[in-house]
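Below: one structure, written as structure tokens.
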Amino acid sequence: MLFGREIGLRVFGYGAIALGAVGLVWGDFALVWQPVASSVPGRTALAYIAAGALLLAGAAVQWRRTARAGALALTTLFSLCVLLLHVPRVVARPLALGAWSGVAEQLALVAGGLVAYAIARQIDGSTSERIARTARLTFAACLFMFGLVHFYYVDATAELVPTWLPPSQVFWAYTTGIAHCGAGLAIATGILATAASRLLTLMFVVFGVLVHAPTLFIDPHSHLNWTANAMNLALTGSAWVIAGSIESRSSEAA
């Protein structure tokens, strides 16, 4: 199956490897996705440790014997990022949509990590379904936040859309925002969830091809460009494992 859980698990791991590799090359955290203040003692050393942990955990996911440990490590790493780096920003500025967006991006990776762990551990039955349902609802909530960000920051979102893509950049900014919200609703309710999760994953793939990859050719030395590409790959992997879990559940129900 194209959206099989095992394939999604590998893509999720590749995303973590990419984030770790970028961190090691630049000796820094993932910018706005890992907002660590410059005043933090031993910041550079911590950045290398975090990057190395992401790379090793992502690599571990690729092998059956180590996939369980790798998925658990990634879930833990992304959870710590939410709790230590993004939640304090929300507490400090609870009305700032940008702060909530940061939580949502990392929480979407936590959701993917939960499903990846269930897959790697080969958990079956009610326990697997509880983990998967928690992950799906969490991921759906993140998608609603992504949609809101597209609407609220429509001009900034439109600037990311290739100028040659008809009918207009603003059209696609609103359309992708609606798509995020629609996918979130489908995944949360279970109505057309399989189709919605597949299309969502494809949308993230298109983001990678049309929006993020070209920036590497425009400015291959930009830390931001490489990090954004790695983050999009990680989110694609998260969406993929969620889609795989929904597809598998639908197949079992049938």
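Out of curiosity, is residue 241 farther than 26 Å from residue 118 by Cα and in a helix (DSSP H, G or I)? Against the criterion (farther than 26 Å from residue 118 by Cα and in a helix (DSSP H, G or I)), residue 241 does not qualify.
Would you mind stating whether residue 125 is at pLDDT below 95 and farther than 16 Å from residue 235 by Cα?
Numbers: at pLDDT below 95: yes; farther than 16 Å from residue 235 by Cα: yes.
Yes; evaluated as a whole, the condition is true for this residue.
Taking region 57-66 as the range and being buried (at least 16 other Cβ atoms within 10 Å of the Cβ) and touching a Gly at 6+ places or on another chain (Cβ under 8 Å) as the test, the residues that pass are 57, 58, 59, 60, 61.
Screening the candidates 239, 228 for the property of being aliphatic (A, V, I, L, M), touching a residue at least 40 places away in the same chain (Cβ under 8 Å), on the phi < 0 side of the Ramachandran plot and crowded, with 23+ Cβ neighbours inside 10 Å yields one hit, 239. All told, residue 50 falls short of being under 21 Å from residue 86 (Cβ atoms), outside any helix (DSSP H, G or I), among the aliphatic types (A, V, I, L, M) and out of contact with any strand residue (DSSP E or B) (no Cβ under 9 Å at 6 or more places or on another chain).
Could you tell me which of the residues 105, 159 is among the charged types (D, E, K, R) and in contact with a Leu (Cβ under 9 Å, 6 or more places away or on another chain)?
Working: 159 fails: in contact with a Leu (Cβ under 9 Å, 6 or more places away or on another chain).
Only one candidate passes the filter, namely 105.
The values are calculated or read from the model by the stated rules, or taken from the named source; none is laboratory data. Keep in mind that this is a model prediction, so the values were computed, not measured. Note: ideal-geometry Cβ built from the backbone for every residue, glycine included; neighbour counts use all protein chains shown.
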